[in-house]
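Below is one structure, written out as structure tokens; the observations come after it.
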């Protein structure tokens, strides 16, 4: 075994020992931080959940109409749908990942995070018994655009069965 191979093996052993010691040191330093941070994180999550449930209770008589910035649909929605919607339905415009509304955005984001991926925009969301009921109006909207008849969507939004508790 040459001298070079001995030095190479020695350096490799020193490197392994150094990485092992750094790992132990990082564990000693980070574990207490995690132990301290977990209760705060848990408290923040419980607080958010409590606020979210309170938000849902406060919006029990309201509906939400979530729509996006798709060019074909946006002009039709803004011209034909929004002005004729039932007054208790809150329009929520979504541009990319940004929610444009005066309502509590983090709670609306939570509602959207719980939607199924198969539910395409626009969405009609009504709060019933403290839970969001999500209905896609995508098919109806594009049928309404095709025949230039906003009543196809408006009849779904303003349907008395959706708002029977509102009247």
Using the structure shown, decide if residue 133 is free of Cβ contacts under 8 Å to residues at least 60 places away in the same chain, surrounded by 17 or more Cβ atoms within 10 Å (Cβ to Cβ) and under 29 Å from residue 50 (Cα atoms). no
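Please enumerate the residues belonging to the range 135-167 that are modelled with pLDDT of 85 or more, assigned to a loop (DSSP other than H, G, I, E, B) and either touching a strand residue (DSSP E or B) at 6+ places or on another chain (Cβ under 6 Å) or not assigned by TED's automatic domain parsing to the domain that holds residue 68 (or both). Talk me through it step by step, then tell me what you get.
Going through the range 135-167, the residues modelled with pLDDT of 85 or more turn out to be 135-151, 153-154.
Checking the rest, the ones that are also assigned to a loop (DSSP other than H, G, I, E, B) come to 137, 148-150.
Answer for the range 135-167, where residues must be modelled with pLDDT of 85 or more, assigned to a loop (DSSP other than H, G, I, E, B) and either touching a strand residue (DSSP E or B) at 6+ places or on another chain (Cβ under 6 Å) or not assigned by TED's automatic domain parsing to the domain that holds residue 68 (or both): just 137.
If only one of 10, 48 is outside the structural domain of residue 104 (by TED's automatic domain parsing), at pLDDT 80 or above, in a helix (DSSP H, G or I) and touching a helix residue (DSSP H, G or I) at 6+ places or on another chain (Cβ under 9 Å), which one is it? Walk me through it before giving the result.
On the way: 10 fails: touching a helix residue (DSSP H, G or I) at 6+ places or on another chain (Cβ under 9 Å).
Of 10, 48, the one residue that is outside the structural domain of residue 104 (by TED's automatic domain parsing), at pLDDT 80 or above, in a helix (DSSP H, G or I) and touching a helix residue (DSSP H, G or I) at 6+ places or on another chain (Cβ under 9 Å) is 48.
Based on this model, can you work out whether residue 66 counts as assigned by TED's automatic domain parsing to the domain that holds residue 145 and either on the phi > 0 side of the Ramachandran plot or assigned to a strand (DSSP E or B) (or both)? Steps first, please.
On the way: assigned by TED's automatic domain parsing to the domain that holds residue 145: yes; either on the phi > 0 side of the Ramachandran plot or assigned to a strand (DSSP E or B) (or both): yes.
Answer is yes for this residue.
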Are any of the residues in the range 72-80 surrounded by 10 or more Cβ atoms within 10 Å (Cβ to Cβ), free of Cβ contacts under 8 Å to residues at least 40 places away in the same chain and farther than 20 Å from residue 156 by Cα? no
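Condition first: over 21 Å from the mean Cα position of the chain (by Cα) and touching a residue at least 24 places away in the same chain (Cβ under 8 Å). Can you find one or more residues in the range 92-113 that meet it?
If we filter the range 92-113 for residues that are over 21 Å from the mean Cα position of the chain (by Cα), which is where we start, we get none.
No - not one qualifying residue is present in the range 92-113.
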If a residue must be assigned to a strand (DSSP E or B) and surrounded by 15 or more Cβ atoms within 10 Å (Cβ to Cβ), how many such residues does the range 81-105 contain? 7
Given the condition assigned to a helix (DSSP H, G or I) and either exposed (fewer than 15 other Cβ atoms within 10 Å of the Cβ) or not assigned by TED's automatic domain parsing to the domain that holds residue 54 (or both), answer yes or no: does some residue in the range 112-121 qualify? yes
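The values are calculated or read from the model by the stated rules, or taken from the named source; none is laboratory data. From a predicted model like this one, the values you see are computed outputs, not experimental measurements. No Cβ is skipped: glycine too gets one built from the backbone with ideal geometry, and neighbour counts run over all protein chains shown.
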